[in-house]
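Working notes, beginning with the structure itself.
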Amino acid sequence: MSTTPSRRAVFPGSFDPITLGHVDIIQRALPMFDEVIIAIGVNAAKKHMWSLEERKTFLEKTFADITNIKIDTYEGLTADYCKKVGAQFILRGLRNPTDFTYEQTIAQANQKVNGVDSIFLLCSPEYSFVSSSIVRDIARNGGDYSNLVPDGVN
Ligand code: ADP
């Protein structure tokens, strides 16, 4: 007798830091999957404003009450990580055509090479200007970014 495999998605990113734009995508995607793994891609060559531990703590605090969200970190290719954790899907958010152009070839390569499909959700309009890099710019200059991030970051 065959059983239906769990529908598991990986939401990969740097989350430096997590923003309300990310939260919007994750919350809206939850009904589609049995489990969403928010996975911080570790790239030693990349400079970050918040440490890996801090970024992980922000995510854990933000989603503490949601049992079908897991937080993890990984190195290497996202598609390899998906295979390791048994995820059939990569979840990504799109803000604009630039995001789409960037994501298109990566998604097609992941599908062709690894058989991992990407699922895209358009961000809610009120978050289309929100990015981790905007938050970092505001933080670097001592501004108030509390309206752009979940409480766990504040
Ligand atoms: P990366 O380092 O891969 O750009 P990010 O942490 O910036 O990772 O983003 C992870 C995912 O969240 C990406 O799919 C990105 O397009 C999406 N995302 C970022 N900001 C927003 C937003 N404001 N609305 C919707 N999706 C977003």
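The values are calculated or read from the model by the stated rules, or taken from the named source; none is laboratory data. Fair warning: this is a prediction, and the values are worked out from it, not measured in the lab. Counting neighbours? That spans all protein chains shown, and the Cβs are built from the backbone with ideal geometry, glycine included. Accessible surface is based on the protein model in full, side chains and every heavy atom, while ligands, DNA and RNA are left aside. Shrake-Rupley method; radii C 1.70, N 1.55, O 1.52, S 1.80 Å.
Filter the range 97-131 for residues that are of a type in the set (D, E, K, R) and exposed (fewer than 15 other Cβ atoms within 10 Å of the Cβ) and give the result. Show your work before the answer.
Looking only at the range 97-131, we keep the residues that are of a type in the set (D, E, K, R), and these are 99, 103, 112, 117, 126.
If the condition is that a residue be of a type in the set (D, E, K, R) and exposed (fewer than 15 other Cβ atoms within 10 Å of the Cβ), then Lys112, Asp117, Glu126 are the ones that fit.
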Self-check item: Residues of the range 98-115 satisfying the condition of being within 21 Å of Met32 (Cβ to Cβ) and within 16 Å of the chain's Cα centre (by Cα)
Solution: Asp99, Phe100, Glu103, Ile106, Ala107
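Return yes when Phe11 is in contact with a strand residue (DSSP E or B) (Cβ under 9 Å, 6 or more places away or on another chain), aromatic (Phe, Trp, Tyr), open to solvent by less than 70 Å² (accessible area, probe 1.4 Å) and at pLDDT 95 or above and no when it is not.
The answer is yes for Phe11.
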Practice problem: Give just the number: which of (1) under 19 Å from Ile119 (Cα atoms); (2) open to solvent by 60 Å² or more (accessible area, probe 1.4 Å) does Glu54 not satisfy? | Solution: (1)
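Right, Ile134: aliphatic (A, V, I, L, M), within 14 Å of the ligand (Cβ to nearest atom), open to solvent by 30 Å² or more (accessible area, probe 1.4 Å) and within 16 Å of Pro12 (Cβ to Cβ) or not? Quick ask: steps written out before the conclusion?
On the way: aliphatic (A, V, I, L, M): yes; within 14 Å of the ligand (Cβ to nearest atom): yes; open to solvent by 30 Å² or more (accessible area, probe 1.4 Å): yes; within 16 Å of Pro12 (Cβ to Cβ): no.
Spelling it out, it is not the case that Ile134 is aliphatic (A, V, I, L, M), within 14 Å of the ligand (Cβ to nearest atom), open to solvent by 30 Å² or more (accessible area, probe 1.4 Å) and within 16 Å of Pro12 (Cβ to Cβ).
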Practice problem: Give Lys70, Lys47, Lys84 a once-over and let me know the one that is of a type in the set (Lys, Arg), open to solvent by 20 Å² or more (accessible area, probe 1.4 Å) and within 13 Å of the ligand (Cβ to nearest atom). | Solution: Lys47
Quiz prompt | Of the criteria (1) crowded, with 18+ Cβ neighbours inside 10 Å; (2) in contact with a Lys or Arg (Cβ under 7 Å, 6 or more places away or on another chain), which one Phe63 fails | solution = (2)
Practice problem: Scan the range 32-44 for residues that are within 12 Å of the ligand (Cβ to nearest atom) and modelled with pLDDT of 95 or more and jot them down. | Solution: Ile38, Ala39, Ile40, Gly41, Val42
Practice problem: State the number of residues belonging to the range 14-47 that are without any contact (Cβ under 8 Å) to a residue 60 or more places away in the chain, within 15 Å of Ile71 (Cβ to Cβ) and either among the charged types (D, E, K, R) or in a strand (DSSP E or B) (or both). | Solution: 8
Quiz item: For the range 45-76, which residues satisfy the criterion of being at pLDDT below 95 and either under 17 Å from Arg136 (Cα atoms) or in contact with a strand residue (DSSP E or B) (Cβ under 8 Å, 6 or more places away or on another chain) (or both)?
Solution: Lys46, Lys47
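Tell me yes or no: at least one residue of the range 144-151 is open to solvent by less than 50 Å² (accessible area, probe 1.4 Å), closer than 21 Å to Val36 by Cβ, in contact with a strand residue (DSSP E or B) (Cβ under 6 Å, 6 or more places away or on another chain) and not small (Gly, Ala, Ser).
As a first pass, look at the range 144-151 and keep what is open to solvent by less than 50 Å² (accessible area, probe 1.4 Å): 145-146, 148-150.
Next, only the ones that are closer than 21 Å to Val36 by Cβ stay: 149-150.
After this cut, where a residue has to be in contact with a strand residue (DSSP E or B) (Cβ under 6 Å, 6 or more places away or on another chain) as well, the list is none.
No, there is no match, as no residue in the range 144-151 is open to solvent by less than 50 Å² (accessible area, probe 1.4 Å), closer than 21 Å to Val36 by Cβ, in contact with a strand residue (DSSP E or B) (Cβ under 6 Å, 6 or more places away or on another chain) and not small (Gly, Ala, Ser).
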